[in-house]
1. Let me confirm something: among ASP177, ASP131, ASP160, which residue is at pLDDT 95 or above and more than 27 Å from MET267 (Cβ to Cβ)?
2. Is it true that some residue in segment 349-360 is assigned to a helix (DSSP H, G or I) and not assigned by TED's automatic domain parsing to the domain that holds MET441?
3. Looking only at segment 233-251, decide whether some residue is in a loop (DSSP other than H, G, I, E, B), touching a helix residue (DSSP H, G or I) at 6+ places or on another chain (Cβ under 6 Å), touching a residue at least 40 places away in the same chain (Cβ under 8 Å) and of a type in the set (A, V, I, L, M).
4. For segment 427-476, give me the residue count where each residue is of a type in the set (Gly, Ala, Ser), closer than 17 Å to LYS402 by Cβ and touching a Gly at 6+ places or on another chain (Cβ under 9 Å).
5. When you go through TYR329, TYR366 one by one, which is the residue that is of a type in the set (Phe, Trp, Tyr), crowded, with 20+ Cβ neighbours inside 10 Å and out of contact with any Asp or Glu (no Cβ under 7 Å at 6 or more places or on another chain)?
6. Can you tell me how many residues in segment 126-139 are of a type outside the set (Gly, Ala, Ser) and surrounded by fewer than 21 Cβ atoms within 10 Å (Cβ to Cβ)?
7. When residues of segment 158-170 are filtered for being without any contact (Cβ under 8 Å) to a residue 60 or more places away in the chain and surrounded by 20 or more Cβ atoms within 10 Å (Cβ to Cβ), how many remain?
8. Quick one: in segment 102-125, which of the residues that are aliphatic (A, V, I, L, M) and closer than 12 Å to TYR366 by Cα is surrounded by the fewest Cβ atoms within 10 Å (Cβ to Cβ)?
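The values are calculated or read from the model by the stated rules, or taken from the named source; none is laboratory data. The structure presented is a predicted model; accordingly, all values stated were derived computationally and were not measured. Glycine gets a Cβ as well: all are built from the backbone with ideal geometry, and neighbour counts include every protein chain shown.
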Amino acid sequence: MQHHLIILLSFLLSTSAFSQHHSDRYVPETDPLVLEKLEQWQDLKFGLLMHWGPYSQWGIVESWSICSEDEGWCRRKNDNYTEYKKEYENLRKTFNPVNFNPAKWAVAAREAGMKYVVFTTKHHDGFCMFDSGHTNYKITDESTPFHTNPKSNITKEIFDAFRAEGLWTGAYFSKPDWHSEYYWWPNFATPDRNVNYSVNNYPERWEKFVRFTHAQIMELMTGYGRVDILWLDGGWVKKRSPEEVRKAYETMNIEKPTRVQNQDIRMDELVAGAREKQPGLIVVDRAVYGKNQNYLTPENTVPDEALPYPWESCIISGGGWSWTPDAKYMSGRKAVHMLVDIVAKGGNLLLNIAPRPDGEWDDGAYRLLEEIGAWMDINSEAVYGTRATEPYKEDKICYTSKGEDIVYAVYLTDEGEHIPREITLSGIQVPGRSEIEMLGMKGKLKWHRKGDDCVIRIPTEKIPSDLAFALKISRY
(Lines give C-alpha, C1' and ligand atoms only; values in the text may rest on other atoms or scores of the structure.)
Protein backbone atom coordinates (compact mmCIF):
# COMPACT_ATOMS: atom_id res chain seq x y z
CA MET A 1 0.00 0.00 0.00
CA GLN A 2 2.88 2.35 0.79
CA HIS A 3 4.19 1.81 -2.76
CA HIS A 4 0.79 2.82 -4.16
CA LEU A 5 0.71 5.96 -1.99
CA ILE A 6 4.16 6.98 -3.24
CA ILE A 7 2.99 6.62 -6.85
CA LEU A 8 -0.14 8.63 -6.13
CA LEU A 9 1.83 11.40 -4.43
CA SER A 10 4.44 11.65 -7.19
CA PHE A 11 1.77 11.75 -9.88
CA LEU A 12 -0.21 14.47 -8.13
CA LEU A 13 2.93 16.52 -7.54
CA SER A 14 3.85 16.29 -11.21
CA THR A 15 0.40 17.30 -12.36
CA SER A 16 0.26 20.21 -9.91
CA ALA A 17 2.87 21.93 -12.06
CA PHE A 18 0.61 21.92 -15.12
CA SER A 19 0.03 25.23 -16.81
CA GLN A 20 -3.56 26.40 -16.95
CA HIS A 21 -3.45 25.73 -20.69
CA HIS A 22 -2.95 22.03 -20.04
CA SER A 23 -4.68 21.49 -16.70
CA ASP A 24 -8.07 22.22 -18.23
CA ARG A 25 -7.55 19.34 -20.65
CA TYR A 26 -6.67 16.55 -18.22
CA VAL A 27 -8.00 15.30 -14.90
CA PRO A 28 -5.39 13.19 -13.04
CA GLU A 29 -6.33 9.70 -11.92
CA THR A 30 -6.42 8.95 -8.17
CA ASP A 31 -6.79 5.16 -8.09
CA PRO A 32 -3.35 3.88 -6.93
CA LEU A 33 -3.59 0.71 -9.03
CA VAL A 34 -4.36 2.70 -12.16
CA LEU A 35 -1.56 5.17 -11.42
CA GLU A 36 0.87 2.28 -11.10
CA LYS A 37 -0.39 0.86 -14.38
CA LEU A 38 -0.05 4.25 -16.08
CA GLU A 39 3.57 4.51 -14.94
CA GLN A 40 4.23 1.09 -16.46
CA TRP A 41 2.40 2.06 -19.65
CA GLN A 42 4.55 5.18 -19.98
CA ASP A 43 7.59 2.90 -19.92
CA LEU A 44 6.32 0.86 -22.90
CA LYS A 45 6.47 3.71 -25.45
CA PHE A 46 5.49 1.75 -28.59
CA GLY A 47 2.28 -0.06 -29.42
CA LEU A 48 0.24 -1.48 -32.30
CA LEU A 49 -3.25 -0.38 -33.32
CA MET A 50 -5.33 -2.49 -35.74
CA HIS A 51 -8.53 -1.45 -37.53
CA TRP A 52 -10.18 -4.49 -39.07
CA GLY A 53 -13.65 -5.63 -40.04
CA PRO A 54 -15.81 -6.69 -43.01
CA TYR A 55 -15.37 -3.20 -44.54
CA SER A 56 -11.81 -4.20 -45.46
CA GLN A 57 -13.25 -6.19 -48.36
CA TRP A 58 -14.14 -2.93 -50.11
CA GLY A 59 -10.89 -1.21 -49.14
CA ILE A 60 -12.83 1.73 -47.70
CA VAL A 61 -12.65 3.80 -44.55
CA GLU A 62 -14.14 1.97 -41.57
CA SER A 63 -17.80 2.66 -40.72
CA TRP A 64 -18.04 6.28 -41.83
CA SER A 65 -19.58 5.71 -45.25
CA ILE A 66 -22.87 4.78 -43.57
CA CYS A 67 -22.92 8.10 -41.71
CA SER A 68 -24.69 10.84 -43.64
CA GLU A 69 -22.71 13.75 -42.24
CA ASP A 70 -19.39 12.43 -43.54
CA GLU A 71 -20.48 11.44 -47.03
CA GLY A 72 -18.33 14.23 -48.42
CA TRP A 73 -15.01 12.62 -47.51
CA CYS A 74 -15.95 8.95 -47.97
CA ARG A 75 -18.15 8.91 -51.05
CA ARG A 76 -20.51 5.94 -51.34
CA LYS A 77 -20.47 3.87 -54.51
CA ASN A 78 -24.28 3.65 -54.47
CA ASP A 79 -26.39 6.83 -54.56
CA ASN A 80 -29.24 5.03 -52.79
CA TYR A 81 -28.36 5.23 -49.11
CA THR A 82 -30.79 2.49 -48.03
CA GLU A 83 -29.40 0.06 -50.58
CA TYR A 84 -25.83 1.03 -49.77
CA LYS A 85 -26.26 0.47 -46.03
CA LYS A 86 -27.81 -2.93 -46.71
CA GLU A 87 -24.88 -3.86 -48.98
CA TYR A 88 -22.45 -2.63 -46.35
CA GLU A 89 -24.04 -4.69 -43.59
CA ASN A 90 -24.15 -7.73 -45.88
CA LEU A 91 -20.36 -7.63 -46.13
CA ARG A 92 -20.39 -9.93 -43.11
CA LYS A 93 -21.77 -12.69 -45.38
CA THR A 94 -18.57 -12.72 -47.45
CA PHE A 95 -16.01 -11.87 -44.76
CA ASN A 96 -13.83 -14.96 -44.51
CA PRO A 97 -10.23 -14.13 -43.46
CA VAL A 98 -8.91 -17.67 -43.87
CA ASN A 99 -5.26 -16.54 -43.62
CA PHE A 100 -5.78 -15.07 -40.15
CA ASN A 101 -2.72 -15.97 -38.09
CA PRO A 102 -2.37 -13.64 -35.10
CA ALA A 103 0.70 -15.48 -33.81
CA LYS A 104 2.62 -14.26 -36.88
CA TRP A 105 1.49 -10.69 -36.22
CA ALA A 106 2.43 -10.92 -32.56
CA VAL A 107 5.97 -12.10 -33.35
CA ALA A 108 6.44 -9.31 -35.91
CA ALA A 109 5.18 -6.73 -33.40
CA ARG A 110 7.44 -8.01 -30.62
CA GLU A 111 10.48 -8.08 -32.89
CA ALA A 112 9.74 -4.48 -33.91
CA GLY A 113 9.86 -3.48 -30.26
CA MET A 114 6.13 -3.00 -29.75
CA LYS A 115 4.94 -3.58 -26.20
CA TYR A 116 1.14 -3.45 -26.44
CA VAL A 117 -1.70 -3.93 -28.91
CA VAL A 118 -5.04 -2.12 -29.22
CA PHE A 119 -7.55 -3.95 -31.41
CA THR A 120 -10.90 -2.74 -32.77
CA THR A 121 -13.29 -5.14 -31.07
CA LYS A 122 -16.18 -3.02 -32.38
CA HIS A 123 -16.15 0.11 -34.54
CA HIS A 124 -19.01 2.58 -35.01
CA ASP A 125 -20.78 0.34 -37.52
CA GLY A 126 -21.50 -2.05 -34.64
CA PHE A 127 -19.94 -5.19 -36.13
CA CYS A 128 -18.35 -7.18 -33.31
CA MET A 129 -15.02 -8.86 -33.91
CA PHE A 130 -15.71 -10.91 -30.79
CA ASP A 131 -18.34 -13.45 -29.74
CA SER A 132 -20.87 -11.11 -28.18
CA GLY A 133 -23.99 -12.66 -26.72
CA HIS A 134 -25.97 -9.43 -27.21
CA THR A 135 -26.06 -9.16 -31.01
CA ASN A 136 -25.94 -11.38 -34.09
CA TYR A 137 -23.99 -8.73 -36.00
CA LYS A 138 -20.67 -10.37 -35.20
CA ILE A 139 -17.84 -12.44 -36.60
CA THR A 140 -19.07 -15.65 -34.92
CA ASP A 141 -22.64 -15.48 -36.25
CA GLU A 142 -23.83 -18.19 -38.64
CA SER A 143 -24.32 -15.56 -41.36
CA THR A 144 -20.54 -15.02 -41.44
CA PRO A 145 -18.60 -17.78 -43.23
CA PHE A 146 -15.68 -17.45 -40.83
CA HIS A 147 -17.84 -18.62 -37.92
CA THR A 148 -16.85 -22.26 -38.55
CA ASN A 149 -13.14 -21.47 -38.28
CA PRO A 150 -11.50 -22.56 -34.99
CA LYS A 151 -10.14 -19.00 -34.72
CA SER A 152 -13.51 -17.33 -35.33
CA ASN A 153 -13.48 -15.38 -32.05
CA ILE A 154 -10.94 -13.01 -33.52
CA THR A 155 -10.49 -10.72 -30.52
CA LYS A 156 -9.75 -13.65 -28.21
CA GLU A 157 -7.26 -15.13 -30.67
CA ILE A 158 -5.46 -11.79 -31.03
CA PHE A 159 -5.31 -11.14 -27.30
CA ASP A 160 -4.06 -14.67 -26.56
CA ALA A 161 -1.40 -14.52 -29.30
CA PHE A 162 -0.03 -11.12 -28.28
CA ARG A 163 0.00 -11.98 -24.58
CA ALA A 164 2.02 -15.07 -25.46
CA GLU A 165 4.67 -12.75 -26.91
CA GLY A 166 4.68 -10.57 -23.79
CA LEU A 167 2.58 -7.66 -25.06
CA TRP A 168 -0.17 -5.89 -23.18
CA THR A 169 -3.67 -6.05 -24.65
CA GLY A 170 -6.08 -3.19 -25.26
CA ALA A 171 -9.69 -3.31 -26.42
CA TYR A 172 -10.80 -0.54 -28.75
CA PHE A 173 -14.59 -0.26 -28.37
CA SER A 174 -16.95 2.22 -30.03
CA LYS A 175 -19.48 3.79 -27.67
CA PRO A 176 -21.87 4.68 -30.52
CA ASP A 177 -23.31 1.65 -32.34
CA TRP A 178 -24.89 2.46 -35.70
CA HIS A 179 -26.32 -1.04 -36.06
CA SER A 180 -28.17 -1.07 -32.76
CA GLU A 181 -31.83 -0.16 -32.91
CA TYR A 182 -31.33 1.44 -29.51
CA TYR A 183 -28.91 3.99 -31.01
CA TRP A 184 -30.08 4.39 -34.60
CA TRP A 185 -33.78 3.62 -34.33
CA PRO A 186 -35.21 2.59 -37.75
CA ASN A 187 -38.27 4.68 -36.92
CA PHE A 188 -36.27 7.83 -37.76
CA ALA A 189 -33.77 9.04 -40.33
CA THR A 190 -30.06 9.14 -39.44
CA PRO A 191 -28.81 12.63 -40.35
CA ASP A 192 -25.49 12.41 -38.51
CA ARG A 193 -23.33 10.36 -36.13
CA ASN A 194 -25.52 10.94 -33.08
CA VAL A 195 -28.36 8.96 -31.56
CA ASN A 196 -31.24 9.63 -33.99
CA TYR A 197 -34.09 10.06 -31.53
CA SER A 198 -34.74 12.31 -28.55
CA VAL A 199 -33.21 10.75 -25.46
CA ASN A 200 -35.51 12.90 -23.33
CA ASN A 201 -38.62 11.71 -25.17
CA TYR A 202 -37.62 8.05 -25.27
CA PRO A 203 -35.67 7.40 -22.06
CA GLU A 204 -36.57 3.69 -22.00
CA ARG A 205 -34.95 3.15 -25.39
CA TRP A 206 -31.82 5.02 -24.33
CA GLU A 207 -31.65 2.95 -21.14
CA LYS A 208 -31.68 -0.19 -23.27
CA PHE A 209 -28.71 1.18 -25.21
CA VAL A 210 -26.83 1.98 -22.01
CA ARG A 211 -27.38 -1.54 -20.70
CA PHE A 212 -26.42 -3.03 -24.07
CA THR A 213 -23.15 -1.06 -24.05
CA HIS A 214 -22.30 -2.05 -20.46
CA ALA A 215 -23.09 -5.70 -21.19
CA GLN A 216 -20.79 -5.87 -24.22
CA ILE A 217 -17.89 -4.23 -22.40
CA MET A 218 -18.34 -6.58 -19.45
CA GLU A 219 -18.09 -9.47 -21.91
CA LEU A 220 -14.69 -8.18 -22.98
CA MET A 221 -13.64 -7.68 -19.38
CA THR A 222 -14.54 -11.21 -18.29
CA GLY A 223 -14.05 -13.64 -21.16
CA TYR A 224 -10.83 -12.51 -22.83
CA GLY A 225 -8.12 -12.87 -20.23
CA ARG A 226 -6.10 -10.01 -18.82
CA VAL A 227 -7.06 -6.70 -20.49
CA ASP A 228 -4.78 -3.76 -19.77
CA ILE A 229 -6.45 -0.91 -21.67
CA LEU A 230 -10.07 -0.10 -22.50
CA TRP A 231 -9.81 2.35 -25.42
CA LEU A 232 -13.24 3.95 -25.95
CA ASP A 233 -13.94 5.88 -29.14
CA GLY A 234 -16.88 8.09 -30.13
CA GLY A 235 -16.38 11.08 -27.87
CA TRP A 236 -19.74 12.61 -28.78
CA VAL A 237 -21.41 9.92 -26.66
CA LYS A 238 -21.00 11.61 -23.31
CA LYS A 239 -22.81 13.19 -20.43
CA ARG A 240 -23.91 16.79 -20.98
CA SER A 241 -25.74 19.11 -18.63
CA PRO A 242 -28.68 21.19 -19.94
CA GLU A 243 -26.39 24.22 -19.89
CA GLU A 244 -23.74 22.39 -21.96
CA VAL A 245 -26.39 21.36 -24.49
CA ARG A 246 -27.61 24.96 -24.76
CA LYS A 247 -24.08 26.33 -25.25
CA ALA A 248 -23.31 23.67 -27.85
CA TYR A 249 -26.32 24.71 -29.91
CA GLU A 250 -25.33 28.37 -29.65
CA THR A 251 -21.86 27.65 -31.06
CA MET A 252 -23.01 25.07 -33.60
CA ASN A 253 -21.57 25.14 -37.11
CA ILE A 254 -24.69 25.70 -39.22
CA GLU A 255 -23.01 24.28 -42.33
CA LYS A 256 -22.44 20.97 -40.55
CA PRO A 257 -25.21 20.64 -37.96
CA THR A 258 -24.86 18.16 -35.14
CA ARG A 259 -27.82 17.36 -32.94
CA VAL A 260 -26.39 17.74 -29.48
CA GLN A 261 -27.95 15.70 -26.68
CA ASN A 262 -27.07 14.37 -23.26
CA GLN A 263 -25.83 10.93 -24.36
CA ASP A 264 -24.99 9.74 -20.87
CA ILE A 265 -23.95 6.07 -20.74
CA ARG A 266 -22.97 6.35 -17.05
CA MET A 267 -19.24 6.16 -17.55
CA ASP A 268 -18.35 6.23 -13.86
CA GLU A 269 -20.51 3.17 -13.26
CA LEU A 270 -19.13 1.46 -16.36
CA VAL A 271 -15.50 2.09 -15.42
CA ALA A 272 -16.05 0.93 -11.82
CA GLY A 273 -17.60 -2.31 -13.10
CA ALA A 274 -14.80 -2.87 -15.60
CA ARG A 275 -12.15 -2.37 -12.92
CA GLU A 276 -13.84 -4.87 -10.64
CA LYS A 277 -13.09 -7.40 -13.38
CA GLN A 278 -9.74 -5.89 -14.41
CA PRO A 279 -8.08 -4.13 -11.43
CA GLY A 280 -5.86 -1.24 -12.48
CA LEU A 281 -7.43 -1.09 -15.95
CA ILE A 282 -6.36 1.98 -17.92
CA VAL A 283 -9.43 3.63 -19.45
CA VAL A 284 -9.24 6.02 -22.38
CA ASP A 285 -12.58 7.77 -22.88
CA ARG A 286 -11.27 9.57 -25.93
CA ALA A 287 -11.91 13.29 -26.32
CA VAL A 288 -14.11 13.44 -23.22
CA TYR A 289 -12.77 15.73 -20.52
CA GLY A 290 -12.82 14.07 -17.12
CA LYS A 291 -11.34 11.44 -14.87
CA ASN A 292 -12.12 8.55 -17.23
CA GLN A 293 -9.60 9.70 -19.84
CA ASN A 294 -6.45 8.34 -18.25
CA TYR A 295 -4.32 9.43 -21.20
CA LEU A 296 -4.93 11.66 -24.18
CA THR A 297 -4.75 10.51 -27.80
CA PRO A 298 -3.73 13.01 -30.50
CA GLU A 299 -4.95 11.40 -33.74
CA ASN A 300 -2.58 11.09 -36.71
CA THR A 301 -0.53 14.00 -35.44
CA VAL A 302 2.43 14.66 -33.16
CA PRO A 303 2.23 17.62 -30.76
CA ASP A 304 4.70 20.43 -31.35
CA GLU A 305 5.71 20.47 -27.70
CA ALA A 306 6.10 18.20 -24.70
CA LEU A 307 2.83 17.56 -22.89
CA PRO A 308 2.70 17.32 -19.09
CA TYR A 309 0.30 14.39 -18.86
CA PRO A 310 0.19 10.84 -20.24
CA TRP A 311 -0.46 10.83 -23.98
CA GLU A 312 -0.21 8.69 -27.08
CA SER A 313 -0.18 9.62 -30.77
CA CYS A 314 -2.12 7.12 -32.87
CA ILE A 315 -0.62 7.22 -36.36
CA ILE A 316 -1.42 5.51 -39.68
CA SER A 317 1.58 3.52 -40.96
CA GLY A 318 0.29 3.25 -44.53
CA GLY A 319 -2.93 3.65 -46.51
CA GLY A 320 -5.72 4.48 -44.06
CA TRP A 321 -6.88 3.34 -40.66
CA SER A 322 -8.51 0.40 -42.42
CA TRP A 323 -6.92 -1.57 -45.24
CA THR A 324 -6.71 0.06 -48.66
CA PRO A 325 -5.38 -1.46 -51.89
CA ASP A 326 -1.80 -0.56 -52.87
CA ALA A 327 -1.13 1.18 -49.56
CA LYS A 328 2.20 3.00 -49.38
CA TYR A 329 3.88 2.56 -45.99
CA MET A 330 6.08 5.10 -44.31
CA SER A 331 9.80 4.50 -44.36
CA GLY A 332 11.64 3.01 -41.43
CA ARG A 333 13.49 6.30 -41.09
CA LYS A 334 10.26 8.27 -40.78
CA ALA A 335 8.85 5.80 -38.25
CA VAL A 336 11.99 5.82 -36.08
CA HIS A 337 12.25 9.61 -36.16
CA MET A 338 8.57 9.88 -35.23
CA LEU A 339 8.95 7.43 -32.37
CA VAL A 340 11.96 9.26 -30.97
CA ASP A 341 10.29 12.66 -31.34
CA ILE A 342 7.17 11.43 -29.52
CA VAL A 343 9.13 9.76 -26.72
CA ALA A 344 11.27 12.88 -26.25
CA LYS A 345 8.05 14.85 -25.71
CA GLY A 346 6.82 12.36 -23.12
CA GLY A 347 4.40 10.35 -25.24
CA ASN A 348 3.85 6.88 -26.68
CA LEU A 349 3.46 5.93 -30.35
CA LEU A 350 0.51 3.71 -31.31
CA LEU A 351 1.20 2.71 -34.91
CA ASN A 352 -1.76 1.47 -36.95
CA ILE A 353 -1.52 -1.51 -39.30
CA ALA A 354 -4.68 -2.61 -41.10
CA PRO A 355 -5.08 -6.32 -41.93
CA ARG A 356 -6.25 -7.32 -45.39
CA PRO A 357 -9.66 -8.96 -45.92
CA ASP A 358 -7.95 -12.36 -46.21
CA GLY A 359 -6.47 -12.01 -42.71
CA GLU A 360 -2.87 -11.14 -43.58
CA TRP A 361 -0.82 -7.97 -43.41
CA ASP A 362 0.69 -6.35 -46.48
CA ASP A 363 4.34 -7.16 -47.12
CA GLY A 364 5.06 -3.45 -46.69
CA ALA A 365 3.84 -3.60 -43.09
CA TYR A 366 6.21 -6.45 -42.24
CA ARG A 367 9.13 -4.65 -43.93
CA LEU A 368 8.41 -1.49 -41.96
CA LEU A 369 8.36 -3.37 -38.66
CA GLU A 370 11.60 -5.14 -39.55
CA GLU A 371 13.31 -1.79 -40.14
CA ILE A 372 12.05 -0.38 -36.87
CA GLY A 373 13.05 -3.58 -35.05
CA ALA A 374 16.60 -3.48 -36.40
CA TRP A 375 17.00 0.03 -35.02
CA MET A 376 15.37 -0.84 -31.70
CA ASP A 377 17.68 -3.84 -31.25
CA ILE A 378 20.50 -1.33 -30.90
CA ASN A 379 18.87 1.74 -29.42
CA SER A 380 15.85 0.66 -27.34
CA GLU A 381 17.67 1.65 -24.14
CA ALA A 382 17.14 5.28 -25.16
CA VAL A 383 13.40 4.64 -25.60
CA TYR A 384 11.96 2.21 -23.02
CA GLY A 385 11.57 3.38 -19.47
CA THR A 386 12.67 6.93 -20.25
CA ARG A 387 11.02 10.24 -19.47
CA ALA A 388 10.97 13.60 -21.19
CA THR A 389 13.69 16.02 -20.19
CA GLU A 390 14.24 19.64 -21.15
CA PRO A 391 14.98 20.95 -23.71
CA TYR A 392 13.32 17.84 -25.27
CA LYS A 393 14.65 18.59 -28.73
CA GLU A 394 17.14 20.94 -30.34
CA ASP A 395 17.58 20.90 -34.09
CA LYS A 396 18.07 17.20 -35.03
CA ILE A 397 18.78 15.95 -31.50
CA CYS A 398 16.09 14.54 -29.21
CA TYR A 399 16.65 14.03 -25.48
CA THR A 400 15.33 11.38 -23.12
CA SER A 401 16.42 10.56 -19.59
CA LYS A 402 16.47 7.97 -16.84
CA GLY A 403 16.62 9.87 -13.59
CA GLU A 404 19.06 12.72 -13.10
CA ASP A 405 22.23 10.83 -13.95
CA ILE A 406 21.55 9.40 -17.42
CA VAL A 407 20.55 11.38 -20.49
CA TYR A 408 20.25 10.07 -24.03
CA ALA A 409 20.81 12.32 -27.02
CA VAL A 410 19.40 10.79 -30.20
CA TYR A 411 20.65 12.29 -33.45
CA LEU A 412 18.13 11.94 -36.28
CA THR A 413 20.03 11.46 -39.53
CA ASP A 414 18.69 12.49 -42.90
CA GLU A 415 18.81 10.09 -45.81
CA GLY A 416 22.23 10.27 -47.46
CA GLU A 417 23.55 12.62 -44.80
CA HIS A 418 27.29 12.78 -44.14
CA ILE A 419 27.51 12.33 -40.40
CA PRO A 420 29.30 15.30 -38.79
CA ARG A 421 32.63 14.63 -37.15
CA GLU A 422 31.46 16.54 -34.11
CA ILE A 423 28.11 17.38 -32.63
CA THR A 424 27.41 20.04 -30.04
CA LEU A 425 24.94 19.70 -27.18
CA SER A 426 23.95 23.05 -25.78
CA GLY A 427 20.69 22.21 -24.04
CA ILE A 428 21.90 19.99 -21.19
CA GLN A 429 24.52 20.17 -18.48
CA VAL A 430 27.40 17.69 -18.86
CA PRO A 431 29.72 17.73 -15.81
CA GLY A 432 33.42 17.34 -16.41
CA ARG A 433 33.77 13.71 -15.29
CA SER A 434 30.82 12.47 -17.37
CA GLU A 435 31.19 9.52 -19.72
CA ILE A 436 29.62 9.37 -23.19
CA GLU A 437 29.13 6.31 -25.33
CA MET A 438 27.23 5.47 -28.49
CA LEU A 439 24.65 2.67 -28.18
CA GLY A 440 25.69 -0.30 -30.30
CA MET A 441 29.37 0.60 -30.21
CA LYS A 442 32.04 -0.36 -27.69
CA GLY A 443 34.16 2.18 -25.89
CA LYS A 444 33.80 5.75 -24.68
CA LEU A 445 33.62 8.77 -26.97
CA LYS A 446 35.94 11.73 -26.70
CA TRP A 447 34.36 15.01 -25.77
CA HIS A 448 35.27 18.43 -24.45
CA ARG A 449 33.63 21.54 -23.08
CA LYS A 450 33.32 24.68 -25.14
CA GLY A 451 31.92 27.28 -22.82
CA ASP A 452 28.67 25.81 -21.53
CA ASP A 453 28.35 23.44 -24.49
CA CYS A 454 29.42 19.81 -24.82
CA VAL A 455 31.24 18.95 -28.05
CA ILE A 456 31.37 15.23 -28.84
CA ARG A 457 33.69 13.54 -31.33
CA ILE A 458 31.69 11.15 -33.56
CA PRO A 459 33.40 8.06 -35.09
CA THR A 460 31.52 8.41 -38.38
CA GLU A 461 32.85 5.15 -39.80
CA LYS A 462 31.24 3.11 -36.98
CA ILE A 463 27.68 4.44 -36.83
CA PRO A 464 25.52 1.39 -35.93
CA SER A 465 22.44 2.59 -37.85
CA ASP A 466 22.02 5.16 -40.59
CA LEU A 467 18.49 6.03 -39.37
CA ALA A 468 19.57 7.62 -36.09
CA PHE A 469 22.20 7.10 -33.42
CA ALA A 470 21.88 7.42 -29.67
CA LEU A 471 24.47 8.82 -27.29
CA LYS A 472 24.30 7.76 -23.65
CA ILE A 473 25.57 10.43 -21.28
CA SER A 474 26.33 9.23 -17.78
CA ARG A 475 26.65 12.41 -15.71
CA TYR A 476 29.02 12.43 -12.75
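1. ASP160
2. no
3. Initially, segment 233-251 is screened for residues in a loop (DSSP other than H, G, I, E, B), giving 234-241, 251.
Retained after the next criterion (residues that are touching a helix residue (DSSP H, G or I) at 6+ places or on another chain (Cβ under 6 Å)): none.
No, every residue in segment 233-251 fails to be in a loop (DSSP other than H, G, I, E, B), touching a helix residue (DSSP H, G or I) at 6+ places or on another chain (Cβ under 6 Å), touching a residue at least 40 places away in the same chain (Cβ under 8 Å) and of a type in the set (A, V, I, L, M).
4. 1
5. Testing whether each residue is of a type in the set (Phe, Trp, Tyr), crowded, with 20+ Cβ neighbours inside 10 Å and out of contact with any Asp or Glu (no Cβ under 7 Å at 6 or more places or on another chain) leaves just TYR329.
6. Looking only at that region, the number is 5.
7. 1
8. We begin by selecting, within segment 102-125, every residue aliphatic (A, V, I, L, M); these are 103, 106-109, 112, 114, 117-118.
After this cut, where a residue has to be closer than 12 Å to TYR366 by Cα as well, the list is 106-109, 112.
Details: ALA106: 23, VAL107: 16, ALA108: 20, ALA109: 26, ALA112: 24.
For segment 102-125, the residue satisfying everything is VAL107.
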